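The structure appears right after this line, and notes come after that.
The values are calculated or read from the model by the stated rules, or taken from the named source; none is laboratory data. Everything numeric in this text was worked out from a predicted model, so none of it was measured. Backbone-built Cβ (ideal geometry, glycine too); neighbour counts: all protein chains shown. Note: areas computed on protein heavy atoms with side chains; ligands, DNA, RNA excluded. Shrake-Rupley method; radii C 1.70, N 1.55, O 1.52, S 1.80 Å.
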Amino acid sequence: MSSKYHLPAGTSADGPYDVLVTPESAGWGHSGLRILPLGPGEAHALSTSDCEFLVLPLTGSCTVTSDGTAFELEGRTDVFASVTDFAYLPRESEALISSAYGGTFALPSARIGRSSLSARYGAKENVPVELRGAGACSRQVNNYCLPGTFEAEQLLVCEVLTPGGNWSSYPPHKHDESRPGAESELEEIYYFQVAGGENGFGYQRVYGTEDRPIDVLAEVRSGDTVLIPHGWHGPSVAAPGYDLYYLNVMAGPGQDRAWLICDDPAHGWVRSTWDAQDVDDRLPFGETS
């Protein structure tokens, strides 16, 4: 089952994309992700069709031109160096992504049935940076496109950075049922980068219920992707000596755009221990604004 949901680097490459995950390839209805590398002076034309997108620099800078408006994205040197600015592209739009000096750009997406928003710029100064957990569960969350941080139709996007030796996405949690005020139904994509070059690694766990089984325990390296259609997910484990980054992309069928989670009751008690611990002093990573 792991091989169905764990996509090692290169195995989902297609055309210009290092990673191409669509609702069709994932076997679900809403969430998608493309990872686009561009060399110096290269450009890529993107048709959003029935999806909304972000253009989120992982490395490098770019210009995003849509409907006659150009957004200059300053970007960043790498995902551990700082948060980044980004651009939003609505459904049924055409865009050109061009990079004078080259870089790699994440294009998270959500299939939507309607669109009332326009293309616009997201400044890095407006990205809320949260230090979550404590002790060995300390991690940093960059909240790019969530309810209350940036308006979208259904798309939810954040980054999590975990110092080497720490656990994140913990306690294990799920969001695969629609329970008003308690849990929202969301498909999720994890895209990983690991500090330390080709030797860097981490682990990702996903497990289900008796009624909806899923069983993933994947060793993840830079460029790997894990798909989470349902079930408890976590921990994401950063091996000692290797800081772990992952991009989270979520979308679902709900009419309300919400991120509501339910902890695994076997492990939710861990949250109560954080009050007595300090946040890891290696956080935050780099520049946060």
Could you check how many residues of the stretch 92-118 are part of a strand (DSSP E or B) and basic (K, R)? 1
Specify which of the listed residues (E125, E183, E187, E177) is of a type in the set (D, E, K, R) and under 30 Å from P240 (Cα atoms). E187
Expected single match for of a type in the set (S, T, Y), on the phi < 0 side of the Ramachandran plot, open to solvent by less than 10 Å² (accessible area, probe 1.4 Å) and in contact with a strand residue (DSSP E or B) (Cβ under 9 Å, 6 or more places away or on another chain) among T225, T209 is T225
If you check Y121, Y144, which single one turns out to be more than 24 Å from V220 (Cα to Cα), touching a residue at least 40 places away in the same chain (Cβ under 8 Å) and in a strand (DSSP E or B)? Y121
With the checklist (1) more than 14 Å from the chain's Cα centre (by Cα); (2) under 21 Å from V83 (Cα atoms) in hand, flag the one item D211 doesn't pass. (2)
Answer yes if at least one residue in the stretch 234-250 is without any contact (Cβ under 8 Å) to a residue 60 or more places away in the chain and open to solvent by 20 Å² or more (accessible area, probe 1.4 Å), and no otherwise. no
Which listed residue is farther than 23 Å from L156 by Cβ, among the acidic types (D, E), open to solvent by 10 Å² or more (accessible area, probe 1.4 Å) and out of contact with any Cys (no Cβ under 7 Å at 6 or more places or on another chain), from E177, E198, E185: E198
Applying the selection to the stretch 101-140, what residues are closer than 30 Å to W274 by Cα, touching a strand residue (DSSP E or B) at 6+ places or on another chain (Cβ under 9 Å) and surrounded by fewer than 19 Cβ atoms within 10 Å (Cβ to Cβ)? P128, E130, L131, R132, A136
Show the residue pairs meeting these rules: Cβ distance below 7 Å; 6+ apart or different chains; first residue within the stretch 271-289 and in contact (Cβ under 8 Å) with a residue 24 or more places away in the chain; second residue loosely packed, with under 11 Cβ neighbours inside 10 Å. S289/E125
Which ones in the stretch 207-261 are among the aliphatic types (A, V, I, L, M) and under 14 Å from K4 (Cβ atoms)? I214, V216, L217, A218, V226, L227, I228
If I ask for residues that are within 18 Å of G133 (Cβ to Cβ), open to solvent by less than 30 Å² (accessible area, probe 1.4 Å) and not β-branched (V, I, T), which ones from the stretch 149-169 would you list? C158, E159, L161, P163, G164, N166, S168, S169
Grab the strands (runs of 3 or more DSSP E) fully contained in the stretch 192-289, keeping just those with 2 or more residues being hydrophobic (A, V, I, L, M, F, W, C). 215-220, 225-228, 232-238, 244-251
In the stretch 208-226, how many are under 22 Å from L36 (Cα atoms) and out of contact with any Asp or Glu (no Cβ under 8 Å at 6 or more places or on another chain)? 4
Which ones in the stretch 251-270 are touching a Lys or Arg at 6+ places or on another chain (Cβ under 9 Å) and either free of Cβ contacts under 8 Å to residues at least 12 places away in the same chain or open to solvent by 30 Å² or more (accessible area, probe 1.4 Å) (or both)? L260, I261, C262, D263
